[in-house]
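Values in this text are rule-based calculations from the coordinates and carry no lab data. Because the structure is a prediction, the values reported are computed rather than measured. Virtual Cβ from ideal backbone geometry, glycine too; neighbours counted across all protein chains shown.
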Amino acid sequence: MRKNNLKYYIYALFAISIFLDVVSCSDRDVSTLEKATQYSTTAEVFIDGFSQNEDFNAWGDVYNLNIDYSTFYEGTAAIRIDVPNSTDVAGTWAGGNIYTQIPRDLSGYDCLTFYAKSSVAATMIAGFGINSSGSDYSVADSVSLNTTWTKFIIPIPVASKLTAETGMFYYSASPVNTLGYSIWIDDVKFEKLGTLAYPTIQNTLGSSLFLGKTAIGDISLTVSLPTGATQKITASSSYFSFTSSDTAVATVNNDSINVIAAGTSYIMADGFDGNLIVNSNGIGSAPNPTASSNDVLSVFSDSYSNATIYDFWCGTTSISKIYVGSNAMFYFISLNWTCMVLFNSSTSAGYVDASGYKYLHADIMTPNTVTTSSALEFDLGNYSTGSNVSTPIYTYTFSSTSKLKWIQLDIPISSYTRSKLGYITFVGTNLTNLYVDNVYFHN
């Protein structure tokens, strides 16, 4: 019996070894095997109720979101957003973010869809991708609502990026003509339509860029919908892989463009039509101030602590704040006159006391052609109870070679009243656009 048992045992081992050889010699390519998904691929955000593990953060009026069981697109319930009046002490707008406690893998979808309507014609910002994990794959769209249910589609720029997303849906809405109203939202879910086409980047960079790093910021792009309509959305630059057509003019690193020379370069994104256009004027930001902070009362400069600019009063001038890297400057467009307001017009407080300083400093630069008739006048506004008195203190006349050159001005102010300065006024003559930086008083 022992000999027979040993013989059968040897036969069994031999058979197993042959089986293992056959398996190990298989030609099957394991790289083609489907990988297990790390996170849930649940598509539903709100279908008659919130999906599992979802939570909500309110913005503005924190009580703006409710579940409505009497008005819905289909099923048994919808989200109702109650937008407050503009005078509501609880909040003057309605917003919120639906997010998940556990990330989801949304890489198999190409859009977020939902139905919505409003009690009045209104506009709502809607999107997804806002989360607290540190990543930013947000997408936003401005949707026009009316009193009938309408389906909205918000495309996902690059679905493969969303393998661990927590931001499911967010919205923001303001009063219409100061009055509140209600919005209903239903059947919020991610879908794979497969019919979205022609994603095209829209150029959003300025017409003249300074030397240095400039943040790309959010990207505007258009996508063709199944209906044939063109949808415009705004998406985080984190979705895109950028390249520069001329690295001698500009290079790209993640979410910033480094402009290194004058010229034109096209910033392209892999897989997308369109581009961002760098038109560099070859000019850097204003020179860094050298005055000691102990001798400075600053109004606007990245080099010092600044007084508060409460407001701008303007004629036809439009004002924007632009950045070169972290350095900020003001851009006055179609300049005729504008005031930097240094006091709170409601409380009559906040003016600055510049009585101990001898000079007003300002760095100015125009990107436009100027002549000897182009000039910039500076006025100081003295605030006092019941009156505002403006005094012209200096006029700078440009030369024909002033275009694209930073001009540093130190204007004597000792002979003017400076104890209650309420505003600084810039008045342009035959001067189209103006960059302004480093506005401060000093000795």
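Phi angles across the stretch 216-223 convert, under the Karplus curve 6.51 cos²θ - 1.76 cosθ + 1.60 with θ = phi - 60°, into 3J(HN,Hα) values of 6, x, 5, 10, 8, 8, 10, 9 Hz, Gly and Pro given as x.
Rounded to the nearest 0.05, the FRET efficiency derived from the C-beta distance between GLU74 and ASN279 at R0 = 51 Å is 0.50. Can you compute the label reach from ILE319? Point 7 Å from Cα along the Cβ direction, backbone N cut-off under 11 Å, restricted to the stretch 420-439. Once the point is set 7 Å along Cα→Cβ of ILE319, 423-426 turn out to lie under 11 Å by backbone N, inside the stretch 420-439. Measuring r between the beta carbons of ILE67 and THR243 and using R0 = 45 Å, the FRET efficiency lands at 0.45.
Using the Cβ of LEU193 as centre and a radius below 13 Å, the other residues enclosed give a net charge of +1, where K and R count +1 and D and E count -1.
Placing a pseudo-label 7 Å from each Cα along the Cα-to-Cβ vector at THR371 and ASP136 gives an inter-label distance of 4.5 nm. Describe numerically, in nm with one decimal, the distance between label points set 7 Å from Cα along Cα→Cβ at SER256 and at LEU193. Here the answer is 3.7 nm between the modelled labels.
Calculated FRET efficiency, THR401 to THR230, Cβ-Cβ distance, R0 = 60 Å: about 0.85 to the nearest 0.05. Starting from one equal scatterer on each C-alpha and no solvent at all, send me the Debye-based log10 I(q)/I(0) for the stretch 172-258 at q = 0.13, 0.19 Å⁻¹, two decimals. Log-scaled intensity ratios, in q order: -0.69, -1.01.
By the count of neighbouring beta-carbon atoms within 10 Å, fewest first, SER265, SER174 end up ordered SER174, SER265.
Assuming 0.36 nm per residue, please report the length gained on full extension of the stretch SER144 to ALA328 beyond their Cα-Cα distance. Length gained between SER144 and ALA328: 62.8 nm. Candidates ASN254, LEU380, THR395 compared by Cα position along the dipole of the chain: farthest toward the positive end lies ASN254, with charges placed on Cβ. Using just the C-alpha positions of the chain as equal point scatterers, what log10 of I(q)/I(0) does the Debye formula give at each q in 0.07, 0.08 1/Å? Reported log10 I(q)/I(0), two decimals: -0.54, -0.67.
Each Lys or Arg adds one and each Asp or Glu subtracts one; over the other residues with Cβ under 15 Å from the Cβ of PHE152, this totals -1.
Residues whose amide H comes within less than 5 Å of that of TYR181, counting only those at least five positions distant or on another chain, are VAL83 (H built at 1.01 Å from N in the peptide plane). Here the contact order of the chain, divided by its residue count and restricted to Cα pairs under 8 Å and six or more residues apart, works out to 12 percent.
Seen from all directions on average, the stretch 44-191 presents a Cα convex hull projection of 8.2 nm². Only beta bridges with both residues in the stretch 197-280 are counted; by DSSP, about 90 percent of them are antiparallel. Net charge dipole, the chain: roughly 660 debye, given to the nearest 20, about the Cα centre with Cβ charges of +1 for Lys and Arg and -1 for Asp and Glu. Note on the stretch 290-308 and the stretch 63-84: Cα centroid distance 51 Å, given to the nearest whole angstrom.
Were the residues from ALA349 through TRP59 laid out at 0.36 nm apart, the gain over their Cα-Cα distance would be 101.4 nm.
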